[in-house]
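Note sheet for the following structure.
The values are calculated or read from the model by the stated rules, or taken from the named source; none is laboratory data. Here the structure is a predicted model, which means the values were calculated and not measured. Cβ coordinates were reconstructed from backbone atoms using ideal geometry, including for glycine residues, and neighbour counts include every protein chain displayed. We work out accessible area using only protein heavy atoms, side chains counted, and drop any ligands, DNA or RNA first. Shrake-Rupley method; radii C 1.70, N 1.55, O 1.52, S 1.80 Å.
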Amino acid sequence: MELLSYDERRILVMLLTESWATPSAIARKLGMNRQTVWYAIKRLREEGFVGAPMIYVRPDLPGLYYAFFYSESEPKDYTVLKFETLEGHYIFGVPFQTFDELEALSAKYGKPWLVPGLAPKRLTPLQKEALRRLVSNPTISSTDLVEELGLPKTKARSLLAWARRNVNYTYWVNLEKAGIAALAVVSDLPPATTSKFFRCFAAAVGFYAAAFPDLGSASDYAKKVKAADPKARIYVLRRYELRPPPGI
């Protein structure tokens, strides 16, 4: 396996944890040259460390809730987010609409972690179409919406700005190949790090995942979590999968 430099791994962590992380934003935060960051991202993509851009969609937008579970076996239900641990177990998010569906999921997988404070919304057909197009093409522009949907320029800009405010833009990162340390944390205490996956504003209470550029940083963080919450459970992550919710 090709070893990445520490700065390259820091860039990968930012691509994972910062929504809409541009080369300029990464360079400013890491104190690096913008051109250096741009070429590093280009190389990382060409060599398979980084995949295509992806969109994390708020559960309430498509009229859904998300419930997160832990299971020793791979889930059979459709997941919007799925982490595989070093032990071969799974932590995953399943979309649902009704509490009857939640009860059925709980019967299969146990007690869920839920995203609080979000109520399913009713989107207009145009909003749903804009969201669908952004998910399928994260780099879509307002000009594209003008051409594809026949909208006035001002309307297209406003619609795209609304869609971008309600999603998180991230990149798929090959955790195993890159050598990034990623942890899933089950704890009643809030995260003590800003390096959460996707900078997720729709986070489940009691569970989150975080990424670090090296094992030492991850180990120090795990010790900090356990000192604050001895009952916390911490899992090392091997890989993950992010998918759009049904209907988007």
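Details
- Of all residues in segment 141-153, at least one satisfies being outside any strand (DSSP E or B), within 30 Å of A211 (Cβ to Cβ), modelled with pLDDT of 95 or more and not basic (K, R).
- Those residues of segment 182-230 which are small (G, A, S), under 14 Å from I91 (Cβ atoms) and under 18 Å from the mean Cα position of the chain (by Cα), in sequence order: A182, A184, A203, A204, G206, A209, A210
- Qualifying residue in segment 189-196 (condition: hydroxyl-bearing (S, T, Y) and modelled with pLDDT of 95 or more): no
- Of all the criteria given as (1) surrounded by fewer than 21 Cβ atoms within 10 Å (Cβ to Cβ); (2) in a strand (DSSP E or B), the one not satisfied by G216 is (2).
- Residue pairs whose Cβ atoms lie under 9 Å apart, separated by 6 or more positions or on different chains, with the first residue in segment 32-59 and farther than 30 Å from P116 by Cα and without any contact (Cβ under 8 Å) to a residue 12 or more places away in the chain and the second open to solvent by 80 Å² or more (accessible area, probe 1.4 Å) and of a type in the set (D, E), do not occur.
- Any hit, segment 171-184, residues being in contact with a strand residue (DSSP E or B) (Cβ under 9 Å, 6 or more places away or on another chain), in a strand (DSSP E or B) and open to solvent by 40 Å² or more (accessible area, probe 1.4 Å): yes
- Checking N174 against (1) in contact (Cβ under 8 Å) with a residue 12 or more places away in the chain; (2) over 18 Å from R10 (Cα atoms), the condition it does not meet: (2)
- Every residue from segment 36-86 that is over 18 Å from the mean Cα position of the chain (by Cα), among the aliphatic types (A, V, I, L, M) and within 20 Å of A21 (Cα to Cα): V37, A40, I41, L44
- Strands (runs of 3 or more DSSP E) fully within segment 16-85 counting 1 or more residues that are surrounded by fewer than 17 Cβ atoms within 10 Å (Cβ to Cβ): 50-57, 65-71
- Scanning segment 93-106 for residues that are exposed (fewer than 14 other Cβ atoms within 10 Å of the Cβ) and closer than 25 Å to N166 by Cβ yields a count of 3.
- Selected residue [surrounded by 11 or more Cβ atoms within 10 Å (Cβ to Cβ), among the hydroxyl-bearing types (S, T, Y) and without any contact (Cβ under 8 Å) to a residue 24 or more places away in the chain] from Y90, Y109: Y90
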